[in-house]
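One structure below.
Values in this text are rule-based calculations from the coordinates and carry no lab data. Everything numeric here is computed off the predicted structure, so don't read it as measured data. Here the Cβ positions follow ideal geometry from the backbone for every residue, glycine too, while neighbour counts run over all protein chains shown.
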Amino acid sequence: MTERAVAPAAAAAQLKERLYATITMISVVIGLAGSGHTDLFGAAATVVTASVGLWLAALVADQQAHRVTHGALATGRELRAMLFVSSPLLLSAVGPLLLIGVSALGVMGLDTALLTAAGVNVATLFAWGCYGGLRMGGGTAFALLAGGIHAAIGTAVAVVKTAAGH
């Protein structure tokens, strides 16, 4: 059995969506934590709705762009590529949903779970930044700088969302 490699352009596009979804989910969970009146079901429903909504919006946009540039709907390999690239938009809900589940078990409060989800997502941005810095061959200092910049972007999203009172 042979393993098919993912084309670098598709992998890059998927990682872009993953980073975008991570930043978006930071905003969603901070907004939920700051609302002060969200219950477990409402938080889970909001996370799922945000994730599925982003995924559907990406598919509609990709399909529209394909129709405009190629004069036909994407099917077969092209459609599979769109689904592959957009899949992280759905996966972005997994971490927050797991932490909401932990909250449902009484291990932590819902606000704590939501803030933890935001923190994990900021840490994920840091890790991706570091990994990218290392892949570029810039060494440890450059990787840490890149990670710090990515984490700062995620933190800025959280701060702005909190300051706006959402």
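Which of rounded, prolate, oblate describes the chain, given a ≥ b ≥ c as roots of the alpha-carbon gyration tensor eigenvalues and a/c under 1.5 marking rounded, otherwise prolate only if a/b is larger than b/c?
oblate
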*Please name which of GLY34, LEU110, ALA74 has its Cα lying farthest along the dipole of the chain towards the positive end, using unit charges on Cβ (Lys, Arg +1; Asp, Glu -1) and the Cα centre as origin.*
ALA74
_Restricting to Cα atoms and excluding each atom paired with itself, what does the Kirkwood estimate give for region 103-159 in Å?_
12.1 Å
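TYR131 to ALA61: extension gain in nm, 0.36 nm per residue of separation minus the Cα-Cα distance?
Working: separation 70, 0.36 × 70 = 25.20 nm, distance 2.92 nm.
Using 0.36 nm per residue and subtracting the Cα-Cα distance, I get 22.3 nm.
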*Could you work out the mean projected area of the convex hull around the alpha carbons of region 44-108, in square nanometres to one decimal?*
4.7 nm²
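Which of the trypsin sites (Lys or Arg not before Pro) found in region 1-105 are in a DSSP loop and have at most 15 neighbouring Cβ atoms, other than their own, within 10 Å?
Working: sites: ARG4, LYS16, ARG18, ARG67, ARG77, ARG80; in loops: ARG4.
Counting only loop positions with at most 15 other Cβ atoms within 10 Å, the trypsin sites (Lys or Arg not before Pro) in region 1-105 are ARG4.
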_Taking the 0 to 90 degree range and rounding to the nearest ten, how far is the long axis of helix 8-35 tilted relative to the main principal axis of the chain, both from C-alpha atoms?_
20 degrees
*If R0 is 35 Å, what FRET efficiency do you get for LEU79 and ILE149 from their C-beta distance, rounded to 0.05?*
0.50
_Starting from the Kirkwood Rh over alpha-carbon pairs, what translational D in µm² s⁻¹ does region 61-150 have by Stokes-Einstein at 25 °C and 0.890 mPa s?_
153 µm²/s
